[in-house]
Ligand SMILES: [Zn+2]
């Protein structure tokens, strides 16, 4: 006990802008979130370990797998609508869904003429996707690893994933490696600055550390992506507290 008492308390550091200036945002059980005074990102500190993240994925899907893959027709319909809107910007080409779950967007992309790929960390999701959409490409690979071998894509899609990532800058850099110069990224994440977020943030359905460990606002997400080499070309309107950005990779 004495030894741990002498350990220096690690200083919270913003995973988006590296600022060490923050204020305590809210504590949930033994977890403390901080709000960066520089970019207003809210983050869990210390960030979850890889072991925690892995366990969360396994638990989340082990419990939800039977329920998650119900309402498939509805999911596919929604995916097709989203893909049609994206196709209006992108045209066609290679498509990658990072965090593809059961492969619904990947399948929709294929139906609209894209060459479709999906990656996810959850084996149950990938097994489902491979079984139901055998003409698409799926793999259980972390994005950073996938980025070292994959050919770049015309459109990278990453919906409701980055809020789970303890090191979002490395994640964004990997996404940038996966996009062709001039290629597109469509990314969504909860918006903690949205006027509809409850005053008691613990009542917000998107607030859930340690699973959600980084909470962006539109400017902090745009800055993160800018640092990785993207420029925002369109902000989609979100009625729920969410950020939806269509970005383009700046040609080097
Ligand atoms: Zn910051």
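The values are calculated or read from the model by the stated rules, or taken from the named source; none is laboratory data. Here the structure is a predicted model, which means the values were calculated and not measured. Note that we place each Cβ from the backbone using ideal geometry, even for glycine, and neighbour counts take in every protein chain shown.
Miscellaneous remarks
- In the range 213-231, the residues that are surrounded by fewer than 21 Cβ atoms within 10 Å (Cβ to Cβ) and over 20 Å from residue 38 (Cβ atoms): 229, 231
- Residue within the range 188-196 that is out of contact with any strand residue (DSSP E or B) (no Cβ under 6 Å at 6 or more places or on another chain), in a loop (DSSP other than H, G, I, E, B) and within 19 Å of residue 248 (Cβ to Cβ) present: no
- Lone unmet requirement of (1) touching a strand residue (DSSP E or B) at 6+ places or on another chain (Cβ under 7 Å); (2) surrounded by fewer than 19 Cβ atoms within 10 Å (Cβ to Cβ); (3) not in a strand (DSSP E or B) for residue 234: (3)
- Remark: pairs (first residue in the range 15-43, without any contact (Cβ under 8 Å) to a residue 12 or more places away in the chain and over 18 Å from residue 169 (Cα atoms); second residue in a strand (DSSP E or B) and near the ligand (Cβ under 8 Å from one of its atoms); Cβ separation under 7 Å; 6+ apart in sequence or on different chains) are absent.
- Helices (runs of 4 or more DSSP H) lying entirely in the range 1-117 (those with 2 or more residues that are at pLDDT 95 or above, away from the ligand (no atom under 16 Å from the Cβ) and in contact with a helix residue (DSSP H, G or I) (Cβ under 7 Å, 6 or more places away or on another chain)): 72-90, 104-111
- Cβ-Cβ under 6 Å pairs, at least 6 apart or on other chains, the range 117-142 side over 18 Å from residue 76 (Cα atoms), far side part of a strand (DSSP E or B): 139/119; 141/119
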